[in-house]
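What follows is a single structure, written as structure tokens, with notes after it.
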Amino acid sequence: AQTVTQSQPEMSVQEAETVTLSCTYDTSESDYYLFWYKQPPSRQMILVIRQEAYKQQNATENRFSVNFQKAAKSFSLKISDSQLGDAAMYFCAYRSYNQGGKLIFGQGTELSVKP
Amino acid sequence: GAGVSQSPSNKVTEKGKDVELRCDPISGHTALYWYRQSLGQGLEFLIYFQGNSAPDKSGLPSDRFSAERTGGSVSTLTIQRTQQEDSAVYLCASTTIGVIRTGELFFGEGSRLTVL
């Protein structure tokens, strides 16, 4: 079975600085998707960025980018120019390419942004 | 509706009582998921509905948990004989078959269940 691990329960960053959130996963599959979701205090999860495993190029969405290391099964999220609105819980998630729609989530990292 | 709607937002119940949590997905979304988020934990998959296919119930923690989806739209998650360890936020999400492979789920704000 696939597992997703986030080893940083909490992280803190100064406003305008850069922070990297770590995620590792375990799978025997070669085709899959990886995601970072953000959960603000409102509890509503929002997709931040996604990566297809077959793509070597790292995904980027504005200030958010990932470092995808397939061999190491690592998928970190980098937030540049951090803003106060980035403060939230961040979840890494895995989805098998072929096994239905279910996402497997990590334990989450709570990010605080200091003004 | 504009987004996934869940009710109640908060529910406090006594141990041993049954509870029902409701999810109204985005109109036209054929896939619907239930997840459980316990304090300090990640999201635990419970059940997944896709169109008319048999649901994937592999995440339901015990036979006290059940869910149904009527008419391919609204879903109800039922917890019978609630226990204190059932206390958690129950999140519902939906998506369309067109984007299901990309993993973009649209989540509701969840129902916080507290079992005393």
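Give the residues of region A:1-21 that are part of a loop (DSSP other than H, G, I, E, B) and within 14 Å of another protein chain (Cβ to nearest Cβ), sorted by residue number. Residues satisfying the conditions are A:1, A:2, A:6, A:7, A:8, A:9. Tell me the residue from B:104, B:68 that is open to solvent by 50 Å² or more (accessible area, probe 1.4 Å) and modelled with pLDDT under 90, please. Result of the check over B:104, B:68: B:104. Number of residues in region A:99-108 that are polar (S, T, N, Q) and either under 21 Å from residue B:94 (Cβ atoms) or more than 10 Å from chain B (Cβ to nearest Cβ) (or both) equals 1. Restricted to strands (runs of 3 or more DSSP E) entirely inside chain B, those with at least 1 residues that are more than 8 Å from chain A (Cβ to nearest Cβ), β-branched (Val, Ile, Thr) and under 10 Å from the mean Cα position of the chain (by Cα) are B:43-50, B:75-79.
The conditions of being more than 22 Å from residue B:106 (Cβ to Cβ) and over 10 Å from the mean Cα position of the chain (by Cα) are not met by residue A:62.
The values are calculated or read from the model by the stated rules, or taken from the named source; none is laboratory data. Worth saying up front: this structure is predicted, and the values here are computed from it rather than measured. In this analysis, Cβ positions are derived from the backbone assuming ideal geometry, glycine residues included, and neighbour counts consider all displayed protein chains. Ligands, DNA and RNA are excluded from the accessible area calculation, which covers all protein heavy atoms including side chains. Shrake-Rupley method; radii C 1.70, N 1.55, O 1.52, S 1.80 Å.
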